[in-house]
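A short worksheet on the structure shown next.
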């Protein structure tokens, strides 16, 4: 069933779909970031993915593009999952917000901005959510130290 | 000429009714809430970043401390996600799956007991608090017999369970669920027909089904708005497809319906535990996957291969193939999701936790704007949030 949805998506947005992968019975579609709002609206209206389970950013330091924003979608009627990924470069670390499509994206996008530093254009309220309001830096990035900005690394063994 | 002004007051983060360190900045016009802005992050411990620096086995205790009122549920979600990543989901032995279901449902009862106790206490019904905590002590005694800890159990492992059930454990569970329905009836007798309770909860903090799906609400709060969705039945995991239980859905969308829904869920959990006890058969508790699961203790003490095996797994851990999975489970508070990305090394490359309370709390401003200040307390209680999960 997810394959049928992917085929429909490819039919409508052939130029934007970069890659389709299936791993452990889960389908992941990588699309270009410029069309993300249109694609999400299409998936919500035409394919029935009315629930956004999760929105997060992943930092692949060393790879180009550096970031990926991942949208995990769910169709409540057919009980199917789909994952949409958007590559984001470090120089232009911004994506359009999908909070117009699903209002649940509001806080997860704030968290992505706070911890990863990916800006969301046209977001209604983009400010830090987990870190204090005057914090500098984006802690979940791979080049941010685990112990914090002004401490020594823990000398014992953790792994 | 009267000038109308609103008053901005701060509720929390230290407040007995906010269920943790939640700060609400309320703008009030008299007693009516004009706007409410939640501020979170006071309990942020960086669990996701910590998990990136530990092997998969060592990241498991971090999950205990997310929703600390339902620790085995968090463990279960993580363990299922890692097993999916490794591709060993169908090699988990039957006994491990049955014990996982049994402990998950006991955890659900445990979490709902705390919800009822604190929700009733906030609204003013102080008797219910200690009644619920008395039952909760029984469950925590069972946790302690099983895993050694009352709260942060760390009982499940990737591939099965860590220890087998001790002798007499099944009798303890049976005694508990035999007595539980009577206790739930006691709580109902104290609250459901009570005029004060009804006045404080009926018509309070309503949210319609479309708004609830749009804002991302899950769990009993969503089902009380009429949406029939339960991950245990719809995307079953750990053998849930073999159990016979009802998914409690109600149409009212308000606090009273969420209260009744969670009480009925406790009754359904007792049913599931009874079925699990009937299904319990002797057998192995860990999957037969040598690269992931620890060997039996007698092998470790008596043979060099067992010792090397144990050493390798504890020091190095296992290395899944590069890939990513998302596993959602029906935690007591809603859909708990784990999105794990592996890059082929022994540590998770990215572990994103989708906490149900984080997304449910987004619905709070919508539920209380335009309502009275007293309803704010009822709304926070009915959403059943726990800050450990929200802030991670």
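See the values below:
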item: Index of the failed condition, residue B:21 passing every other in (1) within 23 Å of residue B:328 (Cα to Cα); (2) within 14 Å of another protein chain (Cβ to nearest Cβ); result: (1)
item: Only one of B:69, B:22, B:43, B:50 that is touching a residue at least 40 places away in the same chain (Cβ under 8 Å) and more than 14 Å from residue A:130 (Cα to Cα); result: B:69
item: Of all residues making up segment A:21-36, the number that are under 16 Å from the mean Cα position of the chain (by Cα) and either farther than 19 Å from residue A:123 by Cβ or crowded, with 19+ Cβ neighbours inside 10 Å (or both); result: 8
item: Any hit, segment B:350-363, residues being surrounded by 15 or more Cβ atoms within 10 Å (Cβ to Cβ), more than 27 Å from residue A:105 (Cα to Cα) and either in contact with a strand residue (DSSP E or B) (Cβ under 7 Å, 6 or more places away or on another chain) or facing chain A (nearest Cβ under 9 Å) (or both); result: no
item: Single residue of segment B:126-161 satisfying the filter (part of a loop (DSSP other than H, G, I, E, B) and touching a strand residue (DSSP E or B) at 6+ places or on another chain (Cβ under 7 Å)) that is surrounded by the most Cβ atoms within 10 Å (Cβ to Cβ); result: B:159
item: Matching helices (runs of 4 or more DSSP H) fully within segment B:1-94 where at least 1 residues are surrounded by fewer than 18 Cβ atoms within 10 Å (Cβ to Cβ); result: B:47-51, B:56-64
item: Pair list, Cβ < 6 Å and 6+ apart or interchain, from segment A:37-48 residues that are crowded, with 18+ Cβ neighbours inside 10 Å to residues that are at pLDDT 85 or above and not in a loop (DSSP other than H, G, I, E, B); result: A:37/A:96; A:39/A:31
item: Test: residue in segment B:265-281 that is under 26 Å from the mean Cα position of the chain (by Cα) and in a loop (DSSP other than H, G, I, E, B); result: yes
item: Of the criteria (1) more than 14 Å from every other protein chain (Cβ to nearest Cβ); (2) within 24 Å of residue B:164 (Cα to Cα); (3) surrounded by fewer than 24 Cβ atoms within 10 Å (Cβ to Cβ), which one residue B:100 fails; result: (3)
item: Flag for residue A:4 being within 30 Å of residue B:209 (Cα to Cα) and surrounded by fewer than 19 Cβ atoms within 10 Å (Cβ to Cβ); result: yes
item: Test: residue in segment A:70-77 that is touching a residue at least 40 places away in the same chain (Cβ under 8 Å), surrounded by 22 or more Cβ atoms within 10 Å (Cβ to Cβ), more than 10 Å from chain B (Cβ to nearest Cβ) and under 27 Å from residue B:210 (Cβ atoms); result: no
item: Total residues in segment B:234-246, condition in contact with a helix residue (DSSP H, G or I) (Cβ under 7 Å, 6 or more places away or on another chain) and either over 17 Å from residue B:262 (Cβ atoms) or at pLDDT 90 or above (or both); result: 6
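Each row is one residue, and each column tells you yes or no for (1) in contact with a helix residue (DSSP H, G or I) (Cβ under 7 Å, 6 or more places away or on another chain); (2) touching a residue at least 24 places away in the same chain (Cβ under 8 Å); (3) within 20 Å of residue B:228 (Cβ to Cβ).
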residue: B:252; (1), (2), (3): no, yes, yes
residue: B:262; (1), (2), (3): yes, yes, yes
residue: B:266; (1), (2), (3): yes, yes, yes
residue: B:281; (1), (2), (3): yes, yes, no
residue: B:293; (1), (2), (3): no, yes, no
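Okay, residues lined up against (1) within 14 Å of chain A (Cβ to nearest Cβ); (2) within 26 Å of residue B:96 (Cβ to Cβ):
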site: B:217; (1), (2): yes, no
site: B:239; (1), (2): no, yes
site: B:242; (1), (2): no, yes
site: B:259; (1), (2): no, no
site: B:273; (1), (2): no, yes
site: B:285; (1), (2): no, yes
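The values are calculated or read from the model by the stated rules, or taken from the named source; none is laboratory data. The shown structure was predicted, so the numbers you read here are calculated from the model rather than taken from an experiment. Methodologically, a virtual Cβ is constructed for each residue, glycine included, from the backbone with ideal geometry; neighbour enumeration extends over all protein chains shown.
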